[in-house]
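J.: Let me begin by handing over the structure; questions about it come next.
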Amino acid sequence: MFQKVRLRLTILSAGITISIMLIMSLLYLHLSENILYESRYTSFQNDMNTITANLEQQSVISMEWLSKMEAQGSYIFFVLDNSVPFLYNKLSSPDRGALLEECLDACETRFPDFLSEQNVSAYLAQHVEYEFHSPSTNRDYFSSVIQLNRNNAGMQVVIISSLDTLENQISAQRIRFLFIGGFSFLLLLAFSWLFTGILLHPIQKNREQQIHFISSASHELRTPLAVILSCTECCANASGEKLNFFLKTIRQEGKRMSTLINDMLLLSQSDAHNFPLDKKPTELDTLLLNSYETFEPLAKEHGLHLYVHIPEEAMPPCMCDSERIRQLLSVFVHNAISYTPSGGSIFLSAGLRKDGFSLSVADTGVGIPYEDKEKIFDRFYRAEKARSTKDHFGLGLSIAYEIVKAHHGMISVANREGGGTVFTAQLPR
């Protein structure tokens, strides 16, 4: 399922990005081609202005000058006297007669009165520039027609410039854009595939955790439920002490189920970002002493020594939910009592830091293997060996983690020098 979603998101994100890039690229390419065309046309007009000025200063147009001008640029010159081509045109370009006729036809179509004799000025040369397409060569050209007055007669100079260079430049630019666009398309697909994978990873991980959570919860609920059903069947034929034993067992398993369900509901509230907190100024040293007094009888019952250490100076109040912090200490101390052998010790301590407060519970128990430290706060996780034999659901440390997280604090676990474990919760001021 996630692969299909990832593929669709990849196509969607890459498609939208590529569509936007394609539209922008086409607009830029269109503007760039227009700029190239206008720049070339402006350059052609400037050259025609210069050539016209030179022609005005010359009394005679020699074949040598025409050959020299054609050699300097990519221009074709035609000189006509009363619409009759000069000998130069017949010698230099005998196969271009059709091109000249197409050029003059285009001029007459666009500027009907320009080639008339009445339009010839006795003092100034006149010229027009335009673009035309030649059917005979199937190519585009810039052209300029210059009207001159020589010996009170009209003379035309036609100058034609091929657009092959411009078209080659535009074609090369389009090929570059196509190559860059194709490369960008592949790069965007790869990036989108990686990005959607990163984006979906927390969702996929969360779904896997939910599946594992439901599976583990079902497994944990199955055992007490099976005991309750078994005891219920036995109650039908039991009496006296046996009946009381079965009823007591049913009550104990019911309490276990109630505890597990309450823990699961609390974690579900955390998943919904609705973890209930009632923050008030709380004296953590007093809270730690209360926890010590609460668990001291239980510690003695298990043959353990319980110690408490608080700073000599009074600690400032901490803005927190006192009941949740009491629950946090309860989880830490219960774990310490459960996994510390008889005759061991448990140390409760509170400290004041520059950036907040710290609460620690250390024991001299079996400790936690290094490979289990990263998973110890996962739901329903219980380390192997000694820890897996204890009557725990594996939700206590997960609840402690969510409590500290809701307070924007940090929780950590470390091995204690000489053996044992230290759980520390840091709360901000």
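Please treat every number below as a calculation from the coordinates, not as lab data. What you see is a predicted model, and the numbers here were worked out from it, not measured in a lab. No Cβ is skipped: glycine too gets one built from the backbone with ideal geometry, and neighbour counts run over all protein chains shown.
J.: Working from Cα positions, state the angle (0 to 90°, nearest 10) between the long axis of helix 396-406 and the longest principal axis of the chain.
T.: 50 degrees
J.: Let me ask you something else. Using each residue's phi in the range 188-199, evaluate 6.51 cos²θ - 1.76 cosθ + 1.60 at θ = phi - 60° and report the 3J(HN,Hα) Karplus result to the nearest Hz, with x for Gly and Pro.
T.: Along the range 188-199, the couplings run 5, 4, 5, 5, 5, 5, 5, 5, 5, x, 5, 5 Hz.
J.: Please give the charge dipole size of the chain, origin at the Cα centre, charges +1 on K and R Cβ atoms and -1 on D and E Cβ atoms. Round to the nearest 20 debye. Don't jump to the answer; show the numbers that get you there.
T.: Working: 37 positive and 46 negative charges, 494 e Å.
It comes to approximately 2380 debye.
J.: At 222 nm, what helix-only mean residue ellipticity would the chain give, in deg cm²/dmol to the nearest 500, using -39500 (n - 2.57) for each DSSP H run of four or more?
T.: That calculation yields -19500 deg cm²/dmol at 222 nm.
J.: Using a simple spin-label model with points 7 Å from Cα along the Cα→Cβ vector, what separation in nm is obtained for residue 313 and residue 212?
T.: Each label point lies 7 Å from its Cα, and together they span 4.4 nm.
J.: Then there's this: At a Förster distance of 35 Å, what's the computed FRET efficiency of residue 300 paired with residue 417, Cβ-Cβ distance as r, to 0.05?
T.: Calculated value: 0.85.
J.: In addition: Give the aspartates and glutamates whose C-alpha is closer than 16 Å to that of residue 280, dropping any in the same chain fewer than 8 places away, or say none.
T.: The qualifying aspartates and glutamates are 321, 323.
J.: Right, something else. On C-alpha positions alone, give me the angle between the axis of helix 63-72 and the longest principal axis of the chain, in degrees, nearest 10.
T.: 0 degrees
J.: For the pair residue 108/residue 30, report the inter-label distance in nm, with labels modelled 7 Å from Cα in the Cβ direction.
T.: 3.7 nm
J.: Follow-up question, since we're still on this one. Once amide H atoms are placed 1.01 Å from N in the peptide plane, what residues at a sequence separation of 5 or more from residue 308, or on another chain, have their amide H within under 5 Å of its amide H?
T.: 348
J.: Taking amide hydrogens as modeled 1.01 Å from N in the peptide plane, which residues meet the under 5 Å criterion relative to residue 320, leaving out close sequence neighbours?
T.: Placed amide hydrogens put 280, 282 under 5 Å from residue 320.
J.: Moving on. Could you calculate the contour length gain from residue 173 to residue 45, that is, 0.36 nm times the residue separation minus the distance between their Cα atoms, to one decimal place in nm?
T.: The residue 173-residue 45 span can extend by a further 43.7 nm.
J.: Something else now. Residue by residue through the range 174-180, which ³J(HN,Hα) values in whole Hz follow from phi under the Karplus form 6.51 cos²θ - 1.76 cosθ + 1.60 (θ = phi - 60°), with glycine and proline marked x?
T.: Couplings: 5, 5, 4, 4, 5, 5, 5 Hz.
J.: Calculate how steeply helix 2-57 sits against the longest principal axis of the alpha-carbon atoms of the chain, using the helix alpha-carbon long axis, and give the answer as 0 to 90 degrees to the nearest 10.
T.: That helix lies at roughly 20 degrees to the long axis.
J.: Measuring from label point to label point, each 7 Å out along Cα→Cβ, what is the residue 101 to residue 81 span in nm?
T.: If labels sit at residue 101 and residue 81, their model points lie 2.3 nm apart.
J.: Where does the charge balance sit around residue 327 when Lys and Arg score +1, Asp and Glu -1, over other residues with C-beta under 14 Å from its C-beta?
T.: -2
J.: Ok, one more. Suppose R0 equals 35 Å. What FRET efficiency, 1/(1 + (r/R0)^6) with r the Cβ-Cβ distance, do residue 405 and residue 190 give to the nearest 0.05?
T.: Working: r = 35 Å, r/R0 = 1.01.
The pair residue 405/residue 190 has a calculated efficiency of 0.50.
J.: OK, next. Please report the Cα spread of the chain along all three principal axes, rounded to whole Å, starting with the longest.
T.: The Cα atoms of the chain stretch 143, 61, 37 Å along their principal axes.
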